[in-house]
Amino acid sequence: YVAAVYEHESILSPTPAALVERRSALELMGRNLDIYEQQVLAAARQGAQIIVFPEDGIHGFNFTRSSIYPYLDFVPHSHSGKWNPCREPYLFNDTEVVQRLSCMALKNKIFLVANLGTKQPCGRWDPGCPSDGRYQFNTNVALGADGALLATYRKHNLYFEYAFDTPPEPDYAFFDTPFAGRFGMFTCFDILFFEPAVNLIKQYNLKQIVYPTAWMNQLPLLSAVEFQQAFATAFNVNVLAANIHHPTLGMTGSGIYTPVKSFIYHNMESYGGKLIVAEIPVITADYKTNLEKENPDRVSEKGKEQSPPSFYAEMMYDNFTFVPVWGEKGELQVCANTLCCYLNYQRAVLTDELYALGVFDGLHTVHGTYYVQACALVKCGGLSFSTCGQEVTDATALIDFQLWGNMSTPYIFPLLLTSGITLDFADHMGWKNNYYFLSKNRTSSGLLTAALYGRWYEKD
């Protein structure tokens, strides 16, 4: 099928904390919706059957709870499939934004997924009801090619979004299409947690995901395209990911991902939006995902050689234990808690770049709390050990490697990032005995990161 995602540089309110009238909120959102309208038309002309827009793309961000209120639409949460906002605009008040989105879908005969702010009144009988008498949700809507509202999803894992409420229960949101079957949807930070993202995929055996996001890139392990790709690979799903484009805030990185191929956009240099349209195969076969794959590759005998001295450095706010990757070839191991990571490597040419193999097995506590088990081969920022774990975007070293670890969780996201924030694909990966491994002969360009990023959800 043909899918489209649009990385949108949203027109932002210059004073998001100021209280404004609904009219001026609609005026600002209308300018973003005008751009959406052009992109829906462009995507439809290229044969796209579905288009996905980013999180916060219509209203922007940095609001307070009260200042965002005029920007919120009323979208009924249970009317899925029974309401067509474009054809029945009179059913509810304050639905101008979802009406416009519905009409875009209808006019271009395309499925459309967008993110907006919504409100839902609540009363004293509801113990969770906020003191101002309403819930405010960060919401995705999915609209059919006839403009009907098919599904809504209210973001569960909020990322410092004080204007919004967490829904009382996680939403499991999905909708059906004639061209690719069932699509599931969740938003941004949700991708790192079991609820609802992983549970949704497992419970409903989903093979297609739509994913609006407003993601701030964090190298070396959590840049947008790197993790979006790893998610598609780990769960053997197609992911249609639309990110916002604000390079000054470190926000870029969208793509259409299959488990074996990606069409991505990552651009920190220039401004303006970007439409990606790609034809991808429908995944139907329920062949085993990488969470349970057996692979006959030989895992060599470990620890024969003496590893170089280990050192500590902070990477992504976590205290990693590293060993340097010296010389043109070798075998290394490094351990922390119960996790041991192993690396066999060979460099084509020795460059004056320092690489290190790092391990972390513990609770990550900055910008969210979640348990990580990671084995990571990274390029350091400079030549001293203290630069290992820094954000690096360019590399020249071509390294053949086999990386493996005795991970305690089945949820492993294989990361493979190359120079200039480009993606590569492993030759082999999967489980062998109790080890998860990733191997690659000769990356397409210099290696930035090769990592096994494990999420041990039970220990969050």
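Can you tell me which residue in the stretch 410-438 is farthest from A356 (Cα to Cα), limited to those that are open to solvent by less than 10 Å² (accessible area, probe 1.4 Å) and either among the small types (G, A, S) or out of contact with any Asp or Glu (no Cβ under 8 Å at 6 or more places or on another chain) (or both)? Residue satisfying both the conditions and the ranking: G430. The set of residues in the stretch 371-388 being open to solvent by less than 10 Å² (accessible area, probe 1.4 Å) and more than 17 Å from C340 (Cα to Cα) consists of C380, C388. Any idea which of T187, T166 is open to solvent by 10 Å² or more (accessible area, probe 1.4 Å), under 21 Å from the mean Cα position of the chain (by Cα) and at pLDDT 95 or above? Going through T187, T166 in turn, the sole match is T166.
Please tell me if P167 is touching a His at 6+ places or on another chain (Cβ under 8 Å), within 24 Å of E458 (Cβ to Cβ) and part of a helix (DSSP H, G or I). No, not satisfied. Quick one: in the stretch 204-251, of everything that is more than 17 Å from F189 (Cβ to Cβ) and among the β-branched types (V, I, T), which residue is most open to solvent (accessible area, probe 1.4 Å)? Among them, the one singled out is T248.
A search for C-beta distances below 7 Å between a residue of the stretch 47-70 that is closer than 16 Å to A145 by Cβ and any residue that is open to solvent by 10 Å² or more (accessible area, probe 1.4 Å) and part of a loop (DSSP other than H, G, I, E, B), counting only pairs 6+ apart in sequence or on different chains, returns Q49/Y1; Q49/F179. If you go through the stretch 112-124 one residue at a time, do you hit one that is out of contact with any strand residue (DSSP E or B) (no Cβ under 7 Å at 6 or more places or on another chain) and over 17 Å from A242 (Cβ atoms)? The answer is yes, given that some residue of the stretch 112-124 is out of contact with any strand residue (DSSP E or B) (no Cβ under 7 Å at 6 or more places or on another chain) and over 17 Å from A242 (Cβ atoms). Among the residues making up the stretch 441-456, a single one is in contact with a Phe, Trp or Tyr (Cβ under 8 Å, 6 or more places away or on another chain) and open to solvent by 20 Å² or more (accessible area, probe 1.4 Å): W456.
Residues in the stretch 69-89 that are farther than 16 Å from R154 by Cα, open to solvent by less than 10 Å² (accessible area, probe 1.4 Å) and not aromatic (F, W, Y): P85 only.
Of the strands (runs of 3 or more DSSP E) lying entirely inside the stretch 340-428, the ones with 2 or more residues being modelled with pLDDT of 95 or more, under 19 Å from P309 (Cα atoms) and touching a Pro at 6+ places or on another chain (Cβ under 9 Å) are found at 355-364, 370-379. Evaluate the following for F92: is it in the same structural domain as V40 (by the TED database), aromatic (F, W, Y), open to solvent by 10 Å² or more (accessible area, probe 1.4 Å) and within 25 Å of the chain's Cα centre (by Cα)? Here the answer is no, as F92 does not meet what is asked.
Would you say E195 is touching a residue at least 12 places away in the same chain (Cβ under 8 Å), closer than 23 Å to T95 by Cβ and open to solvent by 30 Å² or more (accessible area, probe 1.4 Å)? No.
The values are calculated or read from the model by the stated rules, or taken from the named source; none is laboratory data. Quantities reported herein were computed from a predicted structural model and do not represent experimental measurements. All Cβ positions, even for glycine, are placed from backbone atoms using ideal geometry, and neighbour counts span all protein chains on display. These accessible areas exclude ligands, DNA and RNA; they are computed on the full protein's heavy atoms, side chains included. Shrake-Rupley method; radii C 1.70, N 1.55, O 1.52, S 1.80 Å.
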